[in-house]
Amino acid sequence: MIRAAATLFVLLVSAAIADDTVTRGNNLAVDVANDGRLLMDLGGDAWLVPLAGGEAIPVTESLGSLTRPRWSPDAAKFVYTANASEREGIWIHDRVAGTSERISRDDTLDIHPAWHPSGERLVYASDRRDSGFDLWETDLLTGLHWRLSSRPGDETEPAWSANGRHLAYIHRDGDTWSLMLRLHGKPDETLVSGSDRLAGPAWRPDGSLITYWRETSTGPALDMVILSEPRLIRRYMEGENYTTAPVSWLDKHRMYYSADGVIRQRLFNAWSSKTVPFRATVEAEPKVVVERVRRSLPRISEPPGTLIIRAQRLFDGIDGSWQQDRDIVIERGQIAAVRDRSHHGDAIVIDMGDLAVLPGFVDVQARLPEDVNAAVGPLILATGVTTVVTSNSQAEHLNTIWSGKDLPGPRALAAPDWPVAAFSGLADSQTPGLETLLGSRQAGLLDATDPVARRFSERPVLDTGVTDIVLGSAPNGLAPGIGVHAELYALEAAGLRPEQALRTAGVNAAAALGVDPMLGRVDTGAVADLVFVDGDPLVNLGDALKVVAIVRNGRFYSVAGLVERAELAETVE
């Protein structure tokens, strides 16, 4: 699983940067060359480590996303994956020239490169046909690419035998994982199949067996298939916190892998492994001192008078449960009070019945093109998104238009004036519920019905207890509004509870922008940005898209009225 790490989102920091000595790493992948040099990924870069351990030497610098470096057969180069244009691609680093060359074509998602023993070809997994991952091969001299497999589901993690004639790989079809073997000139053979996740096949140099990782109820274990007749499956080792990159064989007796953040060496017939210690001098992470920057939101065209919203069910953006039978008192675009139901004299009272009331959604990085038509504002608002941060140069102008009553839209804040250091960006074609979302009326109105690209080999998973994620939709490529709901789905699939996911577009986003408690909550002093939905998004997050009405800048709009405004503006345009 891809584990997405949450960070602390701040606007201004004081940082002291100093060198630090590291002796462990997260999710290390290690590979050993024929001459005994070890290559590992640490902190998103490649490092050399002596075979017996010692001082690690950086090979690349400040890439930040390099994973799984693998030596070429002559150890003059190594291949790795790294992010480019928000997708993983394949690169080759030339040790002599000190340069890297991108092998991936276009913007396809390419992963798990492996060398052919000739050193002239690479095999890898790619989703370029939009049918899941298939195995592809490229000739490095000519640059030609060709497909090797086309099974339903995903074929990943290819590995050539030492003689270059046979290929092993992982196949996943739904919940079934299989270790596959393609012997030269023969049909593919299923060696292992079941519901346990499989990863990292590696050939013993003499071709007698294939090792692979199996995810068990107690963690990863290394199994092996002995290529006898009949095939024999045996457990080789378990009990450590292994990284599931392929083990690397120096010869048929010695293998290298990583576990518990360190490099391990093991003799094939030994009962235990030993640590290969390393010391890497790295630039320490900045020591972050948060300077809480208080910002004020532009107040534009706020309506006079008092408006009362009567809510049977209210999610204030903070507590994880509904408040019952509350009145929200709005004066000049802001919430003056939230209290129990009472008589309000001659004030206008809008009773929302059993609809659920939520704070308006905030998108801290929205994809709003430069040529956007202002008429799209009401349609974005109809998805419940009431604030966007955008790099569009017309943000201030759009904010003025969309804050009025004639063509309402989300509050538009200009980036980089309103920067956020990091944000979610987790949604892709694997996100559960995405197909339904793209088939919704809102998606149709926003012309956001095209399929979404796959951006991850597996669905991301967030660390347990994460509470500071901030929602930003731009990386998923969808239109503002729809992109927010795609991120909410992805965040829930990654392990957040519905109320936690909603906070990423609420109080978390407000804190990152420095405008809490004005945004992201329904409370005294907050701006009057409210969403009314028909359902229970604290139980079913998909109900957050069932928007019936909006209050934006203190004015009430039905979704039907917003659509009419957008259509009228398009006609006038």
Item to check | Members of region 342-393 that are over 21 Å from GLY477 (Cβ atoms) and polar (S, T, N, Q) | outcome: SER342, THR386
Checklist entry - Filter region 104-121 for residues that are surrounded by fewer than 19 Cβ atoms within 10 Å (Cβ to Cβ) and either under 25 Å from ASP428 (Cα atoms) or of a type in the set (A, V, I, L, M, F, W, C) (or both); which is nearest to the chain's Cα centre (by Cα)? => result ASP107
Checklist entry - Looking at (1) surrounded by 21 or more Cβ atoms within 10 Å (Cβ to Cβ); (2) at pLDDT below 95; (3) among the aliphatic types (A, V, I, L, M), can you tell me which one VAL466 breaks? => result (1)
Checklist entry - When ALA347 is evaluated against the numbered criteria (1) assigned by TED's automatic domain parsing to the domain that holds SER424; (2) modelled with pLDDT of 90 or more, which criterion, by number, is the only one it fails? => result (2)
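Pick out, from region 212-317, the strands (runs of 3 or more DSSP E) lying fully within it that include 1 or more residues that are β-branched (Val, Ile, Thr) and free of Cβ contacts under 8 Å to residues at least 24 places away in the same chain.
Details: elements: 219-226, 232-238, 254-259, 262-267, 274-276, 278-283, 306-314.
Fully inside region 212-317 and qualifying: 219-226.
Are there helices (runs of 4 or more DSSP H) fully within region 479-573 with at least 3 residues that are modelled with pLDDT under 95, closer than 29 Å to ALA374 by Cβ and of a type in the set (D, E, K, R)? List them. Walk me through it before giving the result.
On the way: elements: 482-493, 498-504, 507-513, 559-572.
Output list reads 559-572.
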Item to check | Matching option when the condition is within 24 Å of LEU437 (Cβ to Cβ) and crowded, with 19+ Cβ neighbours inside 10 Å, among VAL548, VAL527, VAL531, VAL515 | outcome: VAL531
Checklist entry - Considering only residues of region 177-203 that are surrounded by 14 or more Cβ atoms within 10 Å (Cβ to Cβ) and out of contact with any Leu (no Cβ under 9 Å at 6 or more places or on another chain), which is nearest to ASP31 (Cα to Cα)? => result ALA202
Checklist entry - Do we find a residue being in contact with a Lys or Arg (Cβ under 9 Å, 6 or more places away or on another chain), under 13 Å from ALA490 (Cβ atoms), of a type outside the set (S, T, N, Q) and not in a loop (DSSP other than H, G, I, E, B) anywhere in region 450-460? => result yes
Checklist entry - Cβ-Cβ below 7 Å, separation at least six or inter-chain, first residue in region 422-442 and of a type in the set (Val, Ile, Thr), second surrounded by fewer than 18 Cβ atoms within 10 Å (Cβ to Cβ): which pairs? => result none
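The values are calculated or read from the model by the stated rules, or taken from the named source; none is laboratory data. Quick caveat, the model's predicted, so the values are computed rather than measured. Quick reminder, even Gly has a Cβ in these numbers, built from the backbone with ideal geometry, and neighbours come from all protein chains shown.
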